[in-house]
Structure formats: structure tokens, C-alpha cells
1. Computed over the Cα atoms, what is the radius of gyration of region 93-168 divided by 2.2 N^0.38 Å, N being its residue count?
2. Averaged per residue, what accessible area in Å² does the chain show with a 1.4 Å probe, protein chains only?
3. Counting alpha carbon pairs within less than 8 Å and at least 6 residues apart, what relative contact order, in whole percent, applies to the chain?
4. In whole percent, and with a 1.4 Å probe on the protein chains, what portion of the accessible area of region 1-155 is carbon and sulfur?
5. How about region 96-136: which GluC sites (Glu not before Pro) there are in a DSSP loop, with at most 16 other Cβ atoms within 10 Å of their Cβ?
6. For the chain, which DSSP H helices look membrane-span-like by this rule: Cα extent along the axis of 20 Å or more and mean Kyte-Doolittle of at least -1.0?
7. Suppose each label sits 7 Å from its Cα in the direction of the beta carbon; what would the residue 60-residue 187 distance come out to in nanometres?
8. How much mean residue ellipticity at 222 nm does the chain get from its helices, if each DSSP H run of length 4 or more adds -39500 (n - 2.57) and you divide by all residues, to the nearest 500 deg cm²/dmol?
Amino acid sequence: MQEIINRVRDRVSRLPIGLQSHIYRVEDIAVRLSAKYDVDPNLARLGALCHDVARAMSDQELLSKASSIGLPICEVDRKIPILLHGPVGAEIIRTQDYVENEAILEAVYWHTTGSSTLDVLGKIVFLADKLDPQKITKYPYQSQLDELANTDLDAAMLEFLRREVDTLNIQGDPIHPGMIDALGYFSSVECSK
């Protein structure tokens, strides 16, 4: 595991400084959350380190890479190619850094839109990304989200997805089908409690 973490750290060290800083903050948050949910901290660390490895790619690079490796590209992805950085990043770490852990690959793939398939590790990586203190302007409800994340990952996922979908609707922005699916799933989980 440490060898893979070192390989990914090397990849992260070649990213723009601001992105590196974000990734390291997310790593700290993910490791903190992993302790609350009995998740191996090294898995949380690796998932966080991997989550934005493709974030610095241009829109054209993301579209081209996604197409060349056969990733599904929906209309929203074509309009907002940055949404492909998770799926493309998952493929990069799988093929170039030899990350084989399916939970990590899923966490990276879905860390932007969310998914009904996320396990505990995936939810931790997803939420840790949103809880980066530097994103407080984008997510002014972070303190509430952090409280939820510390007690109920599903409730935190639902809170974030509801707010994000509401914001996108108000702004008239397209909503990724994966996010709509995730919102429906976490709404049903909340209703069954």
C-alpha cells in the first residue's frame, strides 16, 4: 500500500501548487473521517490523494481521454467536461499507478457527482472534497455538512446533493444524471430510516 501511496504522491507533486494544497487538505479530512467510520486510514489517504489527479487537464484533454478509453460521455459531460476528471482520474490511477482497489476507483470516479454505488470510503472521499475549508464560499453550509459527516454519512450526502441540485436549478445550469441518481438514492435511504 505504501508503495502505491508514494507513486500517487509523486503524481500529485507534479500538479499545480493550488491543486496540490487542496488534495492535501482533502487527505487530512478523509483520514479524520475514516477514524469515525472504522475505515482503514491508508485507504482514505489514497482515495483523497487520487481524487483530483486529472483535475488540471483541459476540457479538450478530458473529452479526448474519456473518448479514447471508452468512458460514457453524456450531454452534460460535453457541456461541462470538467465533470469527467473523476472518471478519467480513476482510469489514470488504475492503468498508470496500478491502483486495483475497486472502492478507491469508485470513490475517484464518482467524487464530483456522487453515486448510489458509493461505499463508506467513497462517501468519505466525496464529502472530504466538499469540506475543504477553501471551498467555504462555494459551500457556505460547510459547518452543517461537517456535523452531519461526523455522525451520518448518508445524511451528509443527501444534504450536499439537495443543496447542490437546488443551486444548479436556480442558476439554470445542467445537472449531471449521476447526481440526479445519487440524490434519488440518498433521498430513499433517508425515507427508509
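1. On the way: Rg = 13.0 Å, N = 76, 2.2 N^0.38 = 11.4 Å.
Computed over Cα atoms of region 93-168, the ratio equals 1.14.
2. Details: 9020 Å² over 193 residues.
It amounts to 47 Å² per residue over the chain.
3. Relative contact order comes out at 20 percent.
4. Numbers: 3520 of 7020 Å².
Roughly 50 percent of what the probe reaches on region 1-155 is carbon or sulfur.
5. Working: sites: 100, 102, 106; in loops: 100.
Sparse-neighbourhood loop GluC sites (Glu not before Pro): 100.
6. Details: long enough: 17-36 (29 Å, 0.16); 153-171 (27 Å, 0.08); 177-191 (21 Å, 0.61).
Result, helices passing both filters: 17-36, 153-171, 177-191.
7. Once both label points are built, they end up 4.0 nm from each other.
8. Numbers: 11 runs with 128 residues, N = 193.
Value at 222 nm, helices only, nearest 500: -20500 deg cm²/dmol.
The values are calculated or read from the model by the stated rules, or taken from the named source; none is laboratory data. In this text, all values refer to a predicted model and were calculated from it rather than measured experimentally. Ideal geometry is used to build each Cβ from the backbone, glycine not excepted, and the neighbour counts take in all protein chains shown. Side chains included, ligands, DNA and RNA excluded: accessible areas come from the protein's heavy atoms. Shrake-Rupley method; radii C 1.70, N 1.55, O 1.52, S 1.80 Å.
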